[in-house]
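Data block below; observations after.
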Amino acid sequence: MNKIFIANFKMNKTNDEVLEYINEFNKLIPKNLSDEICICLPFTALCNGKFLDERVVLGAQNMHEQEFGAFTGEISADMLKNLNVGLVILGHSERRNYFNESNEKINKKIKTALRHGLKVVLCVGETKFQRNSKKTNQVLKSQIEEALVGIYENELSSVIIAYEPVWAIGTGEVAKNGDISTAVKVIRDVISNLYSENASKNQKIIYGGSLTSETSKNILKNDDICGALIGGASLNPNEFIKIIS
Ligand code: PEP
């Protein structure tokens with residue numbers, strides 16, 4: 001099964017460093033690539049996306065929900081589209097935690113992104129505390145239900161759901177395959193209840209959280225997930241390529 005690999009650079013790499021990365025990465029992409037690759041650069045480096053191999057989708061890590069206007073420091077969907085961005089990460093736990101992004105705000109951003117023809121990676125996942133309090137299912141349910149208010153079933157083909165347990169992001173602790181499969185089942189049940197069996201079956205779900213070329217081997221064997229969202233390990237082109245291949 002072809003998989004989707006999405007790199008999230010977060011707040012790392014200057015423009016020059018991104019150019020260096022792209023030069024190296026392009027050379028490493030297998031000729032017979034069948035998987036999908038997307039690299040989510042920092043805003044300041046998106047203009048270098050044009051140098052990426054044409055098989056790689058350019059991604060952004062966030063955007064504002066409004067079309068334009070007096071929102072100092074923010075980036076609109078139009079600005080992303082104008083740089084050929086094809087996908088945007090929304091609802092990342094770092095945005096939820098450090099920038100107080102609510103499900104309601106994430107929902108508005110998703111609607112704007114879809115209206116502009118951007119694909120969306122909707123990140124969901126529980127904290128350690130929520131997990132220990134047996135709240136994982138409830139958290140996933142409310143994050144998805146509230147983020148997808150007013151989104152039509154035919155729009156779900158442009159939405160990838162990333163299961164990213166907060167305790168696994170950047171910690172070196174990777175979720176176990178069993179836990180990932182349980183979370184994926186919960187996510188599919190939520191989609192089935194909101195939409196249909198068909199929508200649930202077709203929903204693309206990926207995993208993110210401390211994956212490396214070593215830990216990803218076992219996780220990517222899990223047929224319940226269609227790919228991975230990779231932060232830290234994607235910053236090294238060799239390591240990212242090892243994960244893909
Ligand atoms: C992420 O930022 O979405 C992520 C999965 O990060 P890391 O791979 O560094 O845990």
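What follows is calculated from the coordinates using simple rules that are stated; it is not laboratory data. Since the structure is predicted, the reported quantities are computational estimates derived from the model, not experimental observations. For neighbour counting, all protein chains shown are included, and Cβ atoms are generated from backbone atoms with ideal geometry for every residue, glycine included.
Within the shell defined by Cβ-Cβ distances under 14 Å, the residues around Ile151 carry a net charge of -1, with Lys and Arg each +1 and Asp and Glu each -1.
The dipole here belongs to the chain: it is taken about the Cα centre, uses +1 on the Cβ of Lys and Arg and -1 on the Cβ of Asp and Glu, and is about 380 debye. Given the DSSP H assignment, sum -39500 (n - 2.57) over each helix run of at least 4 residues in the chain and divide by its residue total; what's the result at 222 nm in deg cm²/dmol, nearest 500? For the chain, the value works out to -11000 deg cm²/dmol.
In the chain, the C-alpha radius of gyration followed by the widest Cα-Cα span (Dmax) gives 17.0, 47 angstrom. In the distance distribution for segment 80-136, Cα-Cα pairs more than 15 Å apart total 55 percent. Here's the list of lysines a cross-link from Lys128 could span, going by alpha-carbon distance under 23 Å and ignoring same-chain residues fewer than 8 apart: Lys10, Lys141, Lys176, Lys185.
Dimensions of segment 12-56 based on its C-alpha atoms, expressed as ranges along the principal axes with the largest first, amount to 30, 17, 16 Å. Given their separation in residues at 0.36 nm each and the Cα-Cα distance between them, Asn12 and Lys217 gain 71.3 nm when the chain is fully extended. Amide H contacts for Val57 (H built 1.01 Å from N in the peptide plane; partners 5 or more residues away or on another chain; cut-off under 5 Å): Ile37, Cys38, Ile39. With Cα atoms defining each centre, segment 206-245 and segment 126-146 are spaced 23 Å apart in the structure. Scanning residues 5 or more positions from Leu87 or on other chains, those with amide H under 5 Å from its amide H are Ala60, Lys119, with H placed 1.01 Å from N in the peptide plane.
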